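Beneath this line is the structure, given in structure tokens, with notes to follow.
The values are calculated or read from the model by the stated rules, or taken from the named source; none is laboratory data. These figures come from a predicted structure and were not determined experimentally. Here the Cβ positions follow ideal geometry from the backbone for every residue, glycine too, while neighbour counts run over all protein chains shown.
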Amino acid sequence: MTSHVRILRQAGPAPLPFLWALVAALIVALALPKTAGAVDRPASFADLAEAVSPAVVNITTTTTVASRLDEGSRPPGGSPFEDFFRDFFDGPRGGPEGPERPRPRQNQALGSGFVISEDGYIVTNNHVIERADEIQVEFFSGLELRAELIGTDPATDIALLKVEHDVPLPHVPWGNAEEARVGDWVIAVGNPLGQGFSVSAGIISARGRALQGNFDDYIQTDAAINRGNSGGPLFNMNGDVIGVNTAILSPTGGSIGIGFAMSSNVAMNVVDQLREFGSTRRGWLGVRIQDVTAEMAEAIGLDEAKGAMVTDVMEGPSLEAGMLAGDVILRFDDRRVEDTRMLVRRVADTAVGETVDVIVFRNGEEVTLAVTLGQRELAEAATGSVTPPLTDEAETGPVSFLGMELEPLNDSLREQLGLSSSSVGLVVRGVDPDSDAAGKGIREDDLITEVNQTPVASVEEFEARTEDAREAGRSSVLVLLRRDGEPRFVALSITD
């Protein structure tokens, strides 16, 4: 090493042209965009963790659980064991008291949460506080306060709590999850496995994950999330909450790097409603919908398989606005609709009573409808639908068409199938197992009510709609069928 240094020293000063070339190279290097291998990485998460931890809380719930030998476990009246149980647990009649009856026991559970306002509103998961008799929160500072439940939303697993304190509480702001990108750094803070305040770091692995609910919009992360982290915050590098840690995917019950946090954009809307009303008030269109397949799109002349196809219109907002079964919803409130899941979320996030423009594809054209949204929670039991007009029953007996034995509805079939007297359509009396209809899942006793968005009451009408499609150069027709009252669209091939 010494000789090497000596050689360098003996080399003398570098020529002036070389120095200028070196400076130029450094300038160019600094001006070039960073490559994937040179992405900035945080030297430490310590400052961020220190800033947000005071607003994160540990949550302990206490739930009273009836003893196995409490009233619910006693034998029914008249049982030969009735006297035995009464004598053993309540004491013999007229004699000394028997053994003490088992008392209800109290179970405790642990979770996490975070404060969103200085006056003490706290967000957590519904499953953390569900059925709890008492909720206690502990702050990073050691402060312990009793919490009151303001409201819950099992559909998104969000709950809102409130604590009272004589000084403003540390709190954290919501962030915009829509701005987060796959690969962004995040940290999860919470109370994993009851170990107290703990921080884990990772990246966003995926966005827009759906687990089980209609309103799911989960951020997937590889930041360690374990039992007890539920309800805790997922932070971006600005210290904004972009997710509520909710679930993990694991065969062992511990973190394997696949955790899920409910998007802040969903959680914020739910929390605002719980704070104002104590419950959710989601927007409601009053339609049943299904995704559009490539075959269905081709059958109705839609350029691509997109949007949400209306299979049924119930009494309510959409019916009043003129929406029809067979319409394909392409845009809602000036935003593109890719599929049914996206539409459900956007409708639910829109205020009840608000009037929005809904663009639908109908008979080859786009039609704009002004729909005033109802409230989902009040209307979930509604089942009204648009019924096609009655037609004469001139045709009798099954007729074979497109691999199906079809028979027009009559009073006898309506009674047999439990249908109303106003029901109109073609009953599938049989299906060729080698036909496209069988491959698409059509079964005996299905009721076909529309073909290419037009009501049909006879096989002749079905054949006419099919011929119209062939003349238009299409290779399939769109069939609306009902099974046990539930509507569904199917695209049937009409090629020879």
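The conditions of being more than 20 Å from the chain's Cα centre (by Cα) and polar (S, T, N, Q) are met by THR311. Within the set GLY202, GLY228, the sole residue that is in contact with a strand residue (DSSP E or B) (Cβ under 6 Å, 6 or more places away or on another chain) and either among the hydrophobic types (A, V, I, L, M, F, W, C) or at pLDDT 95 or above (or both) turns out to be GLY202.
Looking only at residues of segment 106-142 that are part of a strand (DSSP E or B), without any contact (Cβ under 8 Å) to a residue 60 or more places away in the chain and within 18 Å of GLY196 (Cβ to Cβ), we find that the one that is nearest to the chain's Cα centre (by Cα) is ALA109.
Is there a residue in segment 218-230 that is closer than 18 Å to ALA159 by Cβ, assigned by TED's automatic domain parsing to the domain that holds TRP174, touching a Phe, Trp or Tyr at 6+ places or on another chain (Cβ under 7 Å) and not charged (D, E, K, R)? Yes, segment 218-230 contains at least one residue that is closer than 18 Å to ALA159 by Cβ, assigned by TED's automatic domain parsing to the domain that holds TRP174, touching a Phe, Trp or Tyr at 6+ places or on another chain (Cβ under 7 Å) and not charged (D, E, K, R). Taken over segment 421-447, the residue count meeting the criterion of being over 16 Å from VAL477 (Cα atoms), without any contact (Cβ under 8 Å) to a residue 24 or more places away in the chain and surrounded by fewer than 19 Cβ atoms within 10 Å (Cβ to Cβ) is 3.
Checking each residue of segment 284-301 against the condition of being surrounded by fewer than 17 Cβ atoms within 10 Å (Cβ to Cβ), among the hydrophobic types (A, V, I, L, M, F, W, C), out of contact with any strand residue (DSSP E or B) (no Cβ under 6 Å at 6 or more places or on another chain) and closer than 30 Å to ARG470 by Cβ gives at least one match.
From (1) within 21 Å of the chain's Cα centre (by Cα); (2) closer than 26 Å to ALA351 by Cα; (3) of a type outside the set (Gly, Ala, Ser); (4) surrounded by fewer than 20 Cβ atoms within 10 Å (Cβ to Cβ), pick out the condition that doesn't hold for GLU276. So GLU276 meets the others, but not (1).
Report, by residue number, each residue of segment 361-418 that is in contact with a helix residue (DSSP H, G or I) (Cβ under 8 Å, 6 or more places away or on another chain), closer than 27 Å to ASP327 by Cα and modelled with pLDDT under 80. Listed by number, the residues that qualify are GLY384, VAL386.
Give segment 455-491 a look and list any residue that's more than 31 Å from the chain's Cα centre (by Cα) and part of a strand (DSSP E or B), or say none.
The first filter runs over segment 455-491 and keeps only residues more than 31 Å from the chain's Cα centre (by Cα), leaving 455-477.
Hits for segment 455-491 are PRO455, SER476, VAL477.
Would you confirm whether or not segment 315-330 contains a residue that is in contact with a Pro (Cβ under 8 Å, 6 or more places away or on another chain), closer than 23 Å to GLN453 by Cβ and not in a loop (DSSP other than H, G, I, E, B)? Steps first, please.
To start, the set of residues in segment 315-330 that are in contact with a Pro (Cβ under 8 Å, 6 or more places away or on another chain) comprises 325.
Right, trim to closer than 23 Å to GLN453 by Cβ and you get 325.
Now narrow it down to the ones that are not in a loop (DSSP other than H, G, I, E, B): none.
No, the conditions are met nowhere in segment 315-330.
Taken over segment 317-343, the criterion of being of a type in the set (Val, Ile, Thr) and modelled with pLDDT under 90 is satisfied by THR340 alone.
For segment 241-278, a tally of residues being modelled with pLDDT of 90 or more, of a type in the set (S, T, N, Q) and not in a helix (DSSP H, G or I) returns 3.
Here segment 143-163 is the region considered, the condition is being in a loop (DSSP other than H, G, I, E, B) and under 18 Å from ASP133 (Cα atoms), and the residue that is modelled with the highest pLDDT is VAL163.
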